[in-house]
Each structure stands twice: as structure tokens, then as C-alpha cells.
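The values are calculated or read from the model by the stated rules, or taken from the named source; none is laboratory data. Note that the structure is a prediction, hence the values are computed from the model and not measured. Cβ: placed from backbone, ideal geometry, glycine included. Neighbour counts: every protein chain shown. Heavy atoms of the whole protein, side chains included, go into the accessibility calculation; ligands, DNA and RNA do not. Shrake-Rupley method; radii C 1.70, N 1.55, O 1.52, S 1.80 Å.
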Amino acid sequence: MMNTIDPDRAAELARRVVALRTWARGLYTCEAGVELLIRAWGGRLLTGPWIVTDPADGTVWFDTRKVSEAGYLSGGERRMLELAASITADRPIHLGDTLSGLERHATELVLAAVAHAAGTHEHSEMTFDVDGRPTGFERLTSLHPWPHS
């Protein structure tokens, strides 16, 4: 039996991704939390009561107060959702418990989210000529970039 994706569902998820990125744009912590939701488990965390759409204007946002309604998620999914909420809205979590249960790809996403939330993709350093005199600044890459897959 072939596993197929419902085109309507795929289109709705694509719209939700764009809307969430628009909502988060400009706030590194929100951007990082939203990217965790988008990139983890093929967008599985994009459906749940924590993703809210305003019926009046279609604005979509991540309501971190609703992560406690995630009882139906697996342990890893719940941990990722809690991490995304913590990065986005400063919700306290126990990092030791949360991080120790993540698989490798999820951990890579968390490292990228922390680097993004800290703004390392915007960091720069001074450059010098051969005599040690400052010549300007060079933009650095993210300390841990988002993985491609």
C-alpha cells in the first residue's frame, strides 16, 4: 500500500508554515521556536491546539500556553513542543529531562534553534591586515545552522 499525502492537507500545512514564519519574523526566539515546530517530524507539531488561527483575519500564531494540551503526542514530540514553547515564550522547562529524551535529528534541530535564538547568524568579527591593524568587520555564519533535511 502506497503512503500518499492529501493535497488539501499539504496545501494547508504550507499556508500555515508561511503564516507562522510571518508571525515570528524579526524576533529570533519566536523564529527559532516556530522553526522547531515546522522542521520536527515533517511538521507534525503544526497541528494542535497550540497553533491558533484568528478567524477574522487569518493570522496564525504559536500559543505557548496551550502546550499542556499535547497529551496525545509521543514523548519526543512533547519534549520538542516544550522546547519550542520555552524558546519562544520563556516557559521554564527542565533541560536535563527534556534533552535526554531526544533522538539525534531532534537534538540537531534544538542546537540550531538555540544558535538562532542567540542571533549567531547575525554575529560579526573584526578583521585585521597582516600588520594587525583593523580593516573592518566580517559577517560570521550561524554557530549551528539549520539542517537541510
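Residue under question is Ser142, and the condition is that it be loosely packed, with under 11 Cβ neighbours inside 10 Å and modelled with pLDDT under 95; does it hold? Please lay out each step first, then the result.
Values: loosely packed, with under 11 Cβ neighbours inside 10 Å: no; modelled with pLDDT under 95: yes.
Considered against the rule, which asks whether it is loosely packed, with under 11 Cβ neighbours inside 10 Å and modelled with pLDDT under 95, Ser142 comes out as no.
Scan (1) open to solvent by 70 Å² or more (accessible area, probe 1.4 Å); (2) under 22 Å from Ala118 (Cα atoms) for the single condition Val18 breaks and write down its number.
(2)
Suppose we filter Thr107, Thr88 for residues that are of a type in the set (Ser, Thr, Tyr) and within 18 Å of Gly48 (Cβ to Cβ); which single one remains?
Details: Thr107 fails: within 18 Å of Gly48 (Cβ to Cβ).
Going through Thr107, Thr88 in turn, just one is of a type in the set (Ser, Thr, Tyr) and within 18 Å of Gly48 (Cβ to Cβ): Thr88.
Taking Arg44 as the residue in question, decide whether it is free of Cβ contacts under 8 Å to residues at least 60 places away in the same chain, of a type in the set (Lys, Arg) and surrounded by fewer than 18 Cβ atoms within 10 Å (Cβ to Cβ). Before you say what the answer is, go through the steps one by one.
Details: free of Cβ contacts under 8 Å to residues at least 60 places away in the same chain: yes; of a type in the set (Lys, Arg): yes; surrounded by fewer than 18 Cβ atoms within 10 Å (Cβ to Cβ): yes.
Criteria met by Arg44.
Looking for whichever is closer than 17 Å to Ala32 by Cβ, free of Cβ contacts under 8 Å to residues at least 60 places away in the same chain and not hydrophobic (A, V, I, L, M, F, W, C) here; the options are Thr98, Thr53. Which one fits? Spell out the reasoning first.
On the way: Thr53 fails: closer than 17 Å to Ala32 by Cβ.
So the residue among Thr98, Thr53 that is closer than 17 Å to Ala32 by Cβ, free of Cβ contacts under 8 Å to residues at least 60 places away in the same chain and not hydrophobic (A, V, I, L, M, F, W, C) is Thr98.
Counting only residues that are open to solvent by less than 40 Å² (accessible area, probe 1.4 Å) and over 22 Å from Ala89 (Cα atoms), which one in region 111-139 is modelled with the lowest pLDDT? Give the derivation first.
Here is the first cut: in region 111-139, the ones open to solvent by less than 40 Å² (accessible area, probe 1.4 Å) are 112-113, 115-117, 119-120, 127, 136.
Keeping just the survivors that are over 22 Å from Ala89 (Cα atoms) gives 127, 136.
Numbers: Thr127: 91, Gly136: 94.
Applying the filter and picking the extreme gives Thr127.
Assess whether Val52 counts as being modelled with pLDDT of 95 or more and touching a strand residue (DSSP E or B) at 6+ places or on another chain (Cβ under 7 Å). Step through it out loud before you land on a result.
Details: modelled with pLDDT of 95 or more: yes; touching a strand residue (DSSP E or B) at 6+ places or on another chain (Cβ under 7 Å): yes.
For Val52, the condition - modelled with pLDDT of 95 or more and touching a strand residue (DSSP E or B) at 6+ places or on another chain (Cβ under 7 Å) - is met.
Name the residue that is nearest to Ala19 (Cα to Cα), counting only residues in region 55-110 that are open to solvent by less than 50 Å² (accessible area, probe 1.4 Å) and acidic (Asp, Glu).
The extreme case among them is Asp63.
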